[in-house]
Amino acid sequence: MKSRFFTGAAVVAVAALALTGCTASADESDSGGGALKIDVPDLPMHEKMGDFEDSLDIVAWSGFVEPAWSDDFTAETGCTVNRRVAGTSDEMVQLMRTGDYDLVSASGDASLRLIAGGDVAPLNLDLVPNFGDDIVEGMKGQIYDTINGKSYGVPIGRGANILQYNSEVVTEEPTSWSVAWESDSPYAGQIIGYDAPIYIADAAVYLMAHEPDLGIKNPYALDKEQLAAAIDLLKQQNKIVSEYWADPAAQITSFVGGNSVIGTSWEVLRKLSEDEKFKSVLPEEGSTGWSDAWMLSGESDSPNCAYAWMDYTSAPEVNGQIAMGFGMAPANAAFCDLNDEAKAHCDYFNATDEEYFKKVWFWTTPIEQCIDGRTDVQCTNFQEWTDAWLTVKG
Amino acid sequence: MLRLSRGARIGLGTIVAVVLVFMYTPLLLVVLNSFNAARIASWPIREFSLEWWGKAFASEPIRAALLNSVLVGLGATAVALLLGTLVAFALQRYSFFGKQSVNLLVVLPIALPGVVTGVALNNTYNQLLEPIGIQVGYFGMIIAHATFCIVMVFNNVFARLRRLSPNVEEASRDLGATPWQTFRLITFPQFRSAFIAGGILAFALSFDEVVVTIFTAPPGVDTLPLWMMNQMARPNEASMVNVVATVVILFSLLPVWASQRLGREISDRD
Amino acid sequence: MKRRAHLAGLLALPMFWLIGIYIFSLVMLLVTAFWTTDPFTSKVKPGFTLRNFEQLVANPAYLSTAVRTLVIALAVTVLCMLISVPLGIFMAKIAKPWLRALLAVAITLPLWAGYLVKILAMRVTFTDAGFFNWALAPFGITGPSFSITTVVLTLTYLWLPYMAVPVYTAIRQLPANLFDASADLGAGAWRTIRTIVLPLIKPAIIAGSIFTFSLSLGDYIAAKFVGGSTQMIGSIIASNINLNPPIAAAFAVVPIAFVVIYLLSVQRTGALERM
């Protein structure tokens, strides 16, 4: 087991850690993530590449690890890639805690949990040369994968939770999320919501714009009162939803089948609906979104294969293949300049449009420490969010 | 034969017809959708296409997943048949303290959400067995599936044993048959159809299982339901699941028909 | 004493399997119901607290979800019974041999279509523009959309063979002369069914009901796909098991309790002993 191998070198590693930690935080002190200090378990970092192991076990979202690019990787490195597809962030965390897996493609609502739980190790970005200047600004050093100046994730891609609507029913392009939240929405009974505790943040984004008195500055930093307000809004919405989706297949069939005419979506789902009548918009309030990153298990027994994989998949071509395969904005902007098809993909998913993504609050695990910088109150953690979410549907 | 009035017969026939419509409408949609040009099942069918059939037949992962599902299903069913029958005999032929608890024990694995069983077994495999050098690997899945399949065999065999008269067995013993001969020639034929029915249901349950499998399948091993779940999560080729389902339905005709014939003998002798 | 040895011989292997592997694993997990969770890492710390059970009672969402799940599971079971008995009688005692064989295959065939495929097919059947509304629109009937009703229908669809197969097998085993005797004694068909058939196939119905009831209690994927905003016990356990295993463990006691009560009440009716 790798962890045992590491304990011997732990002292050296910790020293090295302190060093790289400093340089990293100097680079990224302005991006928010590096500034936050949170107590997390200290795990050693891989120092330099060694011989490749035999196999690499990855937990990933569907479409992230496909033979189309993993076969080449195996041919190059000799690392056989074993994939397990997870359906939800909860499943991912659970699977990573089994210790069976080396890598995970974690979304922001899972990553902080993994870091705090000591399940993933900090990354030595020097061993990932493809993680360079071409990685889009908005995906570097974000709070959901960079803690205390240490980086835990290599970004893969991102997307916004947009407002999708059926233009045959919703004839005028909505500018606000209000049609999805307010009781007097003309589309009551035909609204679709997202089915996870993290959806509370969507309510918070709406409240941020419409109830300024609540003082929400970051939808993932809610004190008890603000959480209660978000839950009230969700309960109000629960009366007018047709259903909630967690599975993309459900979302698409809901729109195509006519049960829902408006609600939260991803660009890729709209695309897969294959019908021009479905349109989407990023409303004026902004929205939530997700950003996925490779994270390395603290117990990985194939760290060399894992680093090689992170580097391999950060190259413009492969990163682009994953982004196109899943349907999201790639992390590596260099992909967008490869050819016309790549360019079209990047345009469709606003890959390099930082102005667009400035309006997007990427999923972040809520923790007790308020990540908006408040120190006078305690914020609600994800566990409280989960309990609260379960009361929404009752 | 049951003597029923004409009205009653028609009434029963109507119920059966309605039930069949209820059961086969979704299946019909599955089959039709395998020819749907859309990426994901829909109604009405957007446009007919053979694209998904071609893709499904060329797909290596589907074949691997199918093989895994069949292997796991057969392994789990074999264990379930043995254990389920043993428990059924114990509970039916003997009365003892804690009988009800044993019954509960057998039912429990299907009454708890799969995620509980899956995570519990996963914990044991990883926290307990791995440190002492036991890698369950592929068998972890079979163990898990067998656990919730036992009840299928148990309940069917148990219900049948209740109706068997012990006199025949006694007669057999009195005539000098060994216990094994009695079992093989007298007892087993009497509950064979329940045994087969239980086996089929056990296999079907294992063949369909998603949640427990997620947590007990070794990395890189997909069963058919896991592959299907994967397709639903990235629905650019989700219509392939309809092709696979159609093919599996067609192929399942064989074992279902065979078991039908095997299980029939006794009742037709009446 | 010899009987004891026999019994031990029969039970040794199954009990080793069920207790040694399954119950052991389950207890290791469920014991955490008394433990606490670190709120940040969501890792479980040993200790002793009843707070998790208190929360089950304190949170009204948990209680209403438990009741809703129970109602769904019972409805599915009753529906499966109402379908299986006439189906079984028709197949075993009315249908001609060729039709009987055909129907026997027909009721098991849907088992092979795949759980997720069937749920997706039910979705496509019951969407607003779906097959159900399309087919019944001429009669002015609109479907239940995605609701508890659809969940019950879907679960019934999924689990029906698990009831229909044992019930049919049991009816087929009933000796034909029983019916003749009953008819000769002047009993009508309905009376024969009620007084002869039903009591005799009760064990099979109960066997089947245990499947349909238990499988429905544990399911939550159907609710997720066709339930609209319906939440079941499994949904709550699944969303807590990772983040807050103690609460999930405490809530897992609820379906266990339901099954215990169900088994006990089935036994109370004496159906199993009367045979």
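The values are calculated or read from the model by the stated rules, or taken from the named source; none is laboratory data. Bear in mind the structure is a predicted one, so any value in this text is a computation, not a measurement. Here Cβ is always computed from backbone atoms with ideal geometry, including for glycine, and neighbour counts include all displayed protein chains. Heads up: the accessible areas ignore ligands, DNA and RNA and are worked out on the full protein's heavy atoms, side chains in. Shrake-Rupley method; radii C 1.70, N 1.55, O 1.52, S 1.80 Å.
Looking at A:D42, is it open to solvent by 10 Å² or more (accessible area, probe 1.4 Å), charged (D, E, K, R) and farther than 18 Å from A:M310 by Cα? Criteria met by A:D42. Taking region A:191-279 as the region of interest, the helices (runs of 4 or more DSSP H) fully inside it that hold 3 or more residues being more than 14 Å from every other protein chain (Cβ to nearest Cβ) are A:200-210, A:224-238.
C:S239 meets the conditions (1) within 30 Å of A:S89 (Cα to Cα); (2) crowded, with 24+ Cβ neighbours inside 10 Å; (3) at pLDDT 85 or above; (4) of a type in the set (S, T, Y) in every case but one. The failed one is (3). The set of residues from region C:157-180 being outside any helix (DSSP H, G or I) and aliphatic (A, V, I, L, M) comprises just one member, C:L174.
Could you look through region A:346-366, keep only residues that are within 21 Å of A:G117 (Cβ to Cβ) and touching a strand residue (DSSP E or B) at 6+ places or on another chain (Cβ under 7 Å), and pick out the one that is nearest to the other protein chains (Cβ to nearest Cβ)? Full working, then the answer.
First pass over region A:346-366, keeping only residues within 21 Å of A:G117 (Cβ to Cβ): A:362-366.
Imposing the further condition that a residue be touching a strand residue (DSSP E or B) at 6+ places or on another chain (Cβ under 7 Å) reduces the set to A:362-363, A:366.
Numbers: A:F362: 20, A:W363: 15, A:P366: 10 Å.
Only one residue tops the list, namely A:P366.
When region A:128-150 is filtered for residues that are open to solvent by 20 Å² or more (accessible area, probe 1.4 Å), of a type outside the set (D, E, K, R) and under 25 Å from A:A351 (Cα atoms), the ones remaining, listed by number, are A:P129, A:N130, A:F131, A:G132, A:Q142, A:I143. Just one of the listed residues (C:A183, C:A187, C:A248) is of a type in the set (G, A, S) and outside any helix (DSSP H, G or I), and it is C:A187.
Per-residue answers, yes or no, for (1) among the β-branched types (V, I, T); (2) within 12 Å of chain A (Cβ to nearest Cβ); (3) in a loop (DSSP other than H, G, I, E, B); (4) open to solvent by 10 Å² or more (accessible area, probe 1.4 Å):
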| position | (1), (2), (3), (4) |
| --- | --- |
| B:D222 | no, yes, yes, yes |
| B:M229 | no, yes, no, yes |
| B:P235 | no, yes, yes, no |
| B:V241 | yes, yes, no, no |
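Within region B:48-67, can one find any residue that is part of a helix (DSSP H, G or I) and polar (S, T, N, Q)? No: zero hits.
Considering the conditions (1) modelled with pLDDT under 85; (2) assigned to a helix (DSSP H, G or I); (3) open to solvent by 50 Å² or more (accessible area, probe 1.4 Å), C:F132 is excluded by exactly one of them, (1).
Would you confirm whether any residue within region B:23-41 is of a type in the set (D, E, K, R) and more than 7 Å from every other protein chain (Cβ to nearest Cβ)? No, there is no match, as no residue in region B:23-41 is of a type in the set (D, E, K, R) and more than 7 Å from every other protein chain (Cβ to nearest Cβ).
Between A:L338, A:L269, the distinction of being open to solvent by 10 Å² or more (accessible area, probe 1.4 Å), modelled with pLDDT under 95 and aliphatic (A, V, I, L, M) belongs to A:L338 only.
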